[in-house]
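Taken together, the values in this text are just the output of simple stated rules run on the coordinates, not laboratory data. A quick note: this is a predicted structure, and the numbers were derived from the prediction, not measured.
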């Protein structure tokens, strides 16, 4: 059986940590969907660098991997918010 609560609880905790680090940045209530899509690609590359660099070093830094994954999730959620805004017009 899938543990949805564990999945969402772990994800939300990591996402909030990353968002709180960047409270000084512009809000995400009105985002440019194309910009956010590009940012997901940037973060995806960073995640890959963390995973594969560490793989070749035989030592994955799970804290760094977790943080990069949280960035991707945050940007994905920004796209979802934008979609909801458009769908609710």
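Some observations on this one:
- Comparing mean-square fluctuations of 50, 68, 21 from a GNM of the chain with C-alpha springs under 10 Å, the top value falls on 21.
- Within the listed set 48, 11, 27, the residue fluctuating most in the Gaussian network model of the chain (springs between alpha-carbon atoms under 10 angstrom) is 27.
- In the range 1-52, Rg over Rh equals 1.04, where Rg is the alpha-carbon radius of gyration and Rh the Kirkwood radius from pairwise Cα distances.
- Considering only the Cα atoms of the range 4-87, their convex hull presents on average a projected area of 6.4 nm².
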